[in-house]
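A short reminder: the numbers here are calculations on the coordinates, not readings from a lab. Only a predicted model underlies this, so the values are computations on that prediction, with no experimental measurement involved. Heads up, the Cβs are rebuilt from the backbone with ideal geometry, glycines too, and the neighbour counts pull from every protein chain shown.
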Amino acid sequence: MFKNILIGAVAMAALAHSTVIADTMKAMHTYKIGHLVIEQPWSRAVAKSAKTGAGYVSIKNTGSEPDRLIGATAGVPSRTTLHNNIMRDNMMMMRRVKAIEVPAGGSVTLKPGGLHIMFEKLHKQIKQGQSFPLTLEFSKAGKVEVMVEVKSLGHRGNGGHAGHAMKPMKGHGENATSSHPK
Ligand SMILES: [Cu+2]
């Protein structure tokens, strides 16, 4: 009970850089609770006028029983829910989900274009370079607070270096006659 109140207080103090948050950051972007390992929580910067944002994270389950992510509370003023992206009639749509399964001995990765933590009714801009706390609630492992790092608008996710291949190559293409799409 007292713990829950404390988590709320920490979330409220998010943008004030409390010492509690500084301690959390020492965990180097990997967090453990029970049999779960939570890695590299991140979010994408949004435009000033944006009313929505999203959070992403990888969750590994080293245990022999499945668990489920059943809720999240963000340290940014917003309504926070769990979402999935689905294709319907060739259109990408978002749909709210009640829970996200974390299979026994397996993992789940929340990433752009798939499962994500949705921040709706965003009252404050999420800016690159910031970080904010996010409390994840699992049905078996309980609650854990992680720090979400805000990446650039075009960031596609951790793991792989897809983003780095997008750098323009200087000195190329000036005399090119081909018209391949950019
Ligand atoms: Cu969404």
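When you restrict to C-alpha pairs under 8 Å that are six or more residues apart and normalise by the size of the range 32-179, the relative contact order lands at 30 percent. Within the shell of other residues whose beta carbon sits under 14 angstrom from the beta carbon of LYS127, the net charge comes to +3, with Lys and Arg scored +1 and Asp and Glu -1. Tally Lys and Arg at +1 and Asp and Glu at -1 over the other residues with C-beta under 15 Å from the C-beta of ALA104: what net charge comes out? Within the 15 Å Cβ shell, the charges total 0. Between ASN84 and LYS127, the modelled label-to-label distance comes to 3.7 nm, taking each label 7 Å out from Cα in the direction of the beta carbon.
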